[in-house]
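The values are calculated or read from the model by the stated rules, or taken from the named source; none is laboratory data. From a predicted model like this one, the values you see are computed outputs, not experimental measurements. All Cβ positions, even for glycine, are placed from backbone atoms using ideal geometry, and neighbour counts span all protein chains on display. Keep in mind that these areas ignore ligands, DNA and RNA; they rest on the heavy atoms of the full protein, side chains included. Shrake-Rupley method; radii C 1.70, N 1.55, O 1.52, S 1.80 Å.
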Amino acid sequence: MNDRAHELGQDKRDFDEAVSAEFAFLPTNPSGVAVQDLALEEDKKFAELGERMHDLIQDPRKNANAIQEVEKEMIKHVKDKAAAMARELAEEGSTSSPSAMFPFLAPPPSVLPLSHL
């Protein structure tokens with residue numbers, strides 16, 4: 001069971017690092033909630049926007065305006081989701097996101113894709 005928990009944790013870290021690297025334009029701490037606490041790996045709308053972005057960046061010059069629109073949609077979605085989580089935490093009487101409540105858990109390191117070097 002410990003191995004499975006480690007495997008799930010590693011999958012979550014890998015996803016968070018990929019999101020940080022691929023979507024560096026996303027706010028990191030909207031509404032006081034860390035992006036990695038938003039469970040974006042389970043978010044269907046975020047996945048759809050990510051797929052659309054991936055398709056558009058195949059020809060970034062041709063699709064520049066569409067890429068900007070998808071970026072705006074992704075940022076809005078992340079901010080809306082973070083605001084909802086912040087409201088939920090406030091209703092529960094908690095003022096901190098899981099990352100803030102457990103500061104001893106280091107956030108995943110920022111990763112710079114090799115293609116950006």
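Over the range 15-88, consider all pairs of different Cα atoms and compute the Kirkwood hydrodynamic radius from their mean reciprocal separation; express it in Å, one decimal.
One over the average 1/r among Cα pairs gives 12.6 Å for the range 15-88.
Per residue, how much accessible area does the range 31-74 show when a 1.4 Å probe rolls over the protein heavy atoms, in square angstrom?
65 Å²
Please enumerate, by chain and number, the lysines with C-alpha under 16 Å from the C-alpha of LYS45, excluding those fewer than 8 residues away in the same chain.
Qualifying lysines at Cα under 16 Å: LYS72, LYS76, LYS79, LYS81.
Peptides 54-60, 76-82, 31-37: what's the order by average Cβ count within 10 Å, highest mean first?
Per-residue Cβ counts within 10 Å, averaged per peptide and sorted highest first, yield 31-37, 76-82, 54-60.
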